[in-house]
Amino acid sequence: MLFERIQEKLSILADAAKYDVSCASSGGKRANTNKGLGNTTAMGICHSYTEDGRCVSLLKILLTNHCIYDCAYCVTRKSNDIKRAAFKIQEVVDLTINFYRRNYIEGLFLSSGIFKNPDHTMERLISVAKKLRLEENFNGYIHLKSIPGTSDELMRQAGLYADRLSVNIEIPTVSGLKLLAPDKKHEDFIKPMEKVKNEIIQYKTERKIIKSTPKFAPAGQSTQMIIGATGENDRDIMYSATYYYKKFNMRRVYYSGYIPVTMDDRLPSIGSEVPMLRENRLYQTDWLLRFYGFSVSEILNDTHKNLDLDIDPKLSWALRNLDLFPIDINKADQRMIARVPGIGMQSVYKILQARKFRNLDWTHLKAIGIALNRAQYFITCNSKDFFTKDVEPYVLKRKILKNSKSKYHKYYNQQLSLFS
Amino acid sequence: MNPQTVLIYDGTFDGFLCSVFIIYEQKIMSPVIRKESQTNNQLFTITEKVITEELKAQRVWHGFRKKTTRNEQRDFFKVFLSEIKGVENTLLSYMQTIFKKKLNKNIDFSNKDILKISQVARMVGREKHRMEAFVRFQLTKDQIYFSNIAPDFNVLPLIIHHFKDRYADQKWIIYDTRRKYGIYYDLQTVEVITFENLKGITATTRKNAYADDEVSFQKLWNTYFKNVTIKSRKNTKLHLQHIPKRYWRYLTEKNNI
Ligand code: SF4
C-alpha cells in the first residue's frame with residue numbers, strides 16, 4: 001500500500017461520506033464461522049465518538065466522489081468544484097480488515113457517487129463486500145448504499161453479502177425531490193427498496209424449507225431524509241417515515257438536519273443554523289411511534305402540523321390530552337403508563353414488576369428513576385399527596401419548563417433568536 | 001456485643017466463596033470479609049485467614065446457582081469485580097437473603113442490597129462495554145495484536161468471551177496496566193499473563209516492536225477520525241460524556257503519532 005496516497009484519498013472520501021447520519025451497526029447477527037474474523041452482534045459497539053458527539057462504529061466512506069449527477073443538496077454533485085478521488089476495490093478491503101483487526105470499527109459502510117451508470121457503480125460496491133466475505137472470511141458488519149436505479153439482479157446480489165442495504169430518500173416529498181435532484185426519479189428510489197423487501201420476505205419463506213439458504217441482508221434496510229432543505233413540515237416528514245416503515249419494513253429511518261454545503265437559491269444558505277433541535281424532536285417522535293405505541297396521527301395532524309421545539313412530543317401530546325390524566329400508577333395498564341411524560345420504557349417495566357409486591361409511592365417511583373419533575377402532574381400513587389389543581393395546559397407547561405433544564409436549551413435559545 | 005470476626009481472603013472469587021462457606025460452617029454471627037491487601041487495625045476483632053479451596057467454593061456457588069437466574073449470577077460476579085471497598089459484605093448479605101428465600105419466588109426489587117447490587121453491576125457492565133469499544137490493538141513484529149487498558153473495574157474476566165469470539169484468527173493480548181496482568185489468546189485458548197520488568201520498556205523500544213505497517217495504519221485511523229467530525233456541530237460536552245478524558249491515554253485517535 002502506498003500510504004500517503006491512501007491517506008489523501010481517505011480524507012477526501014471520508015469527508016464526503018460524513019453527512020450521512022446513519023451510523024447504526026446494530027440489528028444484525030452474524031456469527032464467526034470456522035475461526036474466521038469477526039462477528040456481528042445484535043448490539044453494535046461505538047468504538048469512538050466524533051467531537052460533535054456522534055458514534056463512530058463503522059468505516060464510513062465513499063468508493064468515489066466522482067458523480068455524473070447534480071443533486072443540489074449534495075457536496076459530491078457534478079457542478080461542485082472539489083477534489084475528487086477514487087479507491088480501488090482492494091484498498092477498501094485492506095483498510096476495512098486492518099481497522100477491524102485493531103478493534104477500531106465494527107465494519108464497513110460503503111456508499112459512492114455514481115460513475116458511468118447506477119449498475120456499474122453498484123457492481124463495484126458489491127465486489128468489495130464479496131471480497132470481504134469470501135476471500136477474507138470477514139463476518140463483521142457491512143452496510144451498502146444502494147444506488148438509485150440499480151437493477152433487481154444486482155440488488156439481490158448485494159443483499160447476499162451485506163448486512164444492511166439502504167437507499168436514501170434524502171428529500172421527504174416528491175415535489176422537493178423534483179426541485180433539488182432533477183436527474184433522479186422517485187421510482188428509482190422506490191424500486192430497490194421494494195426489491196430488498198421482497199427478497200427478505202422470500203428469504204424468510206425459503207428459509208423454512210431449506211436451512212442453508214444464504215442470508216439476505218439480515219439487518220434489513222434503512223433510509224435517510226434530509227430535514228430543513230425544502231419547506232416540508234414535520235407532519236409530512238413523519239407521515240413519509242411511517243409510510244417507509246410500513247411499506248418497506250424499514251428497520252430505521254434517519255433524520256438528518258440539513259448542513260448547508262453549497263450556494264444555491266433553492267436551499268438555505270451556507271452558515272445557516274443546522275436544525276439540530278428539530279432533528280432531535282423528530283427522532284423522539286420516531287421513538288414514540290416505534291416503541292411507545294403512539295400512532296402518528298396522535299402526535300401530528302391537520303391542527304398540529306409541527307412538533308413543538310420547546311417541549312418533547314410526548315409532553316406536548318399529554319398537554320393536549322389532559323382529560324386522560326391523572327392516571328393511577330398502581331392500576332393503569334402498560335399502554336397508559338408508557339404515555340406519561342417523564343416515564344421511559346425501562347421504567348414502565350420496572351413499575352409493572354415492582355407493583356406486584358406493594359403499592360408504589362413517590363419514594364419508590366423516585367428510586368425506579370422516573371423524572372418526577374414532569375411525571376408528578378400526570379399520575380397518582382399510594383400517597384395522599386398529589387397534584388390536584390385543574391390548570392390550563394399552558395400554565396402547566398410553564399411550570400414544567402421552569403423546573404427542567406433541557407440539554408438543548410442552548411440551541412433553543414439560538415434558534416429563537418433567529419426569529420426575533 | 002458480639003465481637004466481629006474478620007475473615008481475610010486472598011482476593012479471588014473462589015477465596016470469597018470459601019469465606020462464605022466458613023461463615024455458614026462455623027455459624028459466625030457478625031462476620032466481615034476483607035481482602036488480604038487491605039490493612040486493618042481494629043481492636044476487639046477476631047481474625048481468621050481463609051484458605052482457598054476450589055471444592056468449597058464450588059459448593060457455595062452451586063447452592064447459589066440453584067436459587068438464582070443466569071442474570072443474577074452474572075450481576076453477582078460483576079459486583080465482585082468492582083473491587084469497591086467493603087463490597088464483599090453487601091454480597092454476603094445478599095447471598096444470605098437468597099439462601100433463605102423459597103425456591104421460585106420472585107425477589108423484591110426494593111430490597112436495599114439488591115438495589116445496590118443492580119446499581120454496581122450496571123456500573124461494571126458499562127465499564128465492560130467501554131473496554132470492548134476502547135481496546136486499540138497494535139500489531140507487533142511477532143504478529144501479536146497488543147493493547148493496554150486501565151479500566152476503573154477489574155473487567156478483564158468479563159471481556160474474554162467477546163474478544164475470543166471476534167478475533168478468533170489472530171493472536172492478541174489485552175493488558176490491564178492498573179492491575180498489572182493481562183489476557184493472552186494464542187489461537188486456541190485464553191491465558192492470564194503477567195510481565196516482569198516493565199520498567200525497562202521505553203517509548204522507543206515499544207516503537208521498535210511494532211510491525212512495519214503499524215504506525216501507518218494508526219495514522220490512517222487518525223486521518224479518518226479527523227475527517228468524520230462535522231465542525232458546525234461540534235459539541236465538546238457531549239464528546240467528553242462519551243469518552244471521558246481518563247480513557248484517552250490508550251486511544252489511538254486521541255494521540256498524535
Ligand atoms: S447522485 Fe448521489 S452522490 Fe451524486 S450528486 Fe446526487 S446525491 Fe450526490
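Just a few scattered comments:
- Summarising the label geometry, the points placed 7 Å from Cα in the beta-carbon direction at B:T47 and A:K356 lie 4.6 nm from one another.
- Cross-link table A:K384/B:K112; B:K35/B:K100; A:K356/B:K67; B:K180/B:K234, entries beyond 28 Å C-alpha to C-alpha: B:K180/B:K234
- Debye intensity ratio in log₁₀ form over the Cα atoms of segment A:38-85, taken at each q of 0.29 Å⁻¹: -1.03
- Only Cα sites of segment A:326-382 enter the Debye sum here, all with the same form factor; the resulting log10 I(q)/I(0) across q = 0.20, 0.30 1/Å is -0.59, -1.63, listed in q order.
- For segment B:159-257, a Kirkwood hydrodynamic radius built from all Cα pairs, placed in the Stokes-Einstein relation at 20 °C and 1.002 mPa s, yields a translational diffusion coefficient of 131 µm²/s.
- Over 24 Å (Cα to Cα) - which of A:K246/A:K331; A:K314/A:K402; A:K145/A:K246 fall in this group: A:K246/A:K331
- Fraction of the pair-distance distribution of segment B:123-175 above 14 Å, Cα-Cα pairs, percent: 51
- Pairwise label distance in nanometres, A:N117 with B:N256, each label 7 Å out on the Cα-Cβ vector: 5.1
- Tensor-based shape of segment B:83-194 (alpha-carbon gyration tensor, a/c under 1.5 rounded, otherwise prolate or oblate): prolate
- Largest first, the three principal axis extents of the alpha carbons in segment A:36-137 are 41, 35, 23 Å in whole numbers.
- Hull volume in cubic angstrom per residue (convex hull over the Cα atoms of segment A:240-384): 147
- Taking every residue in B:210-218 and counting other chain Cβ atoms within 10 Å of its Cβ, the average works out to 3.
- Available extension along the chain between B:K85 and B:I193 is 36.3 nm, counting 0.36 nm per residue and deducting the alpha carbon span.
- Per-residue average of Cβ from other chains inside 10 Å of B:161-173: 4
- Between helix B:54-66 and chain B there is an angle of about 90 degrees, using the helix long axis and the longest principal axis of the Cα atoms.
- Per-residue extension of 0.36 nm, minus the Cα-Cα distance of A:F386 and A:K35, leaves a gain of 120.4 nm for this segment.
- Legend: Rg and Dmax of segment A:103-143, from Cα coordinates, 11.5, 35 Å.
- The angle between the Cα long axis of helix B:87-100 and the main principal axis of chain B comes to about 50°, on a 0 to 90 degree scale.
- Hull volume in cubic angstrom per residue (convex hull over the Cα atoms of chain B): 189
- For segment B:202-257, trypsin sites (Lys or Arg not before Pro) are listed when DSSP marks them as loop and at most 16 other Cβ atoms sit within 10 Å of their Cβ; the list is B:K234.
- Net length available on complete extension from B:D169 to B:Y24 is 47.6 nm, with 0.36 nm assigned per residue and the Cα-Cα distance removed.
- 5 angstrom amide H check on A:L108, placed H, neighbours 5+ away: A:L59, A:Y141, A:I142, A:H143
Here, each number is a calculation from the coordinates, and none is a lab measurement. Please read these numbers as outputs of a predicted model, since none were measured by experiment. No Cβ is skipped: glycine too gets one built from the backbone with ideal geometry, and neighbour counts run over all protein chains shown.
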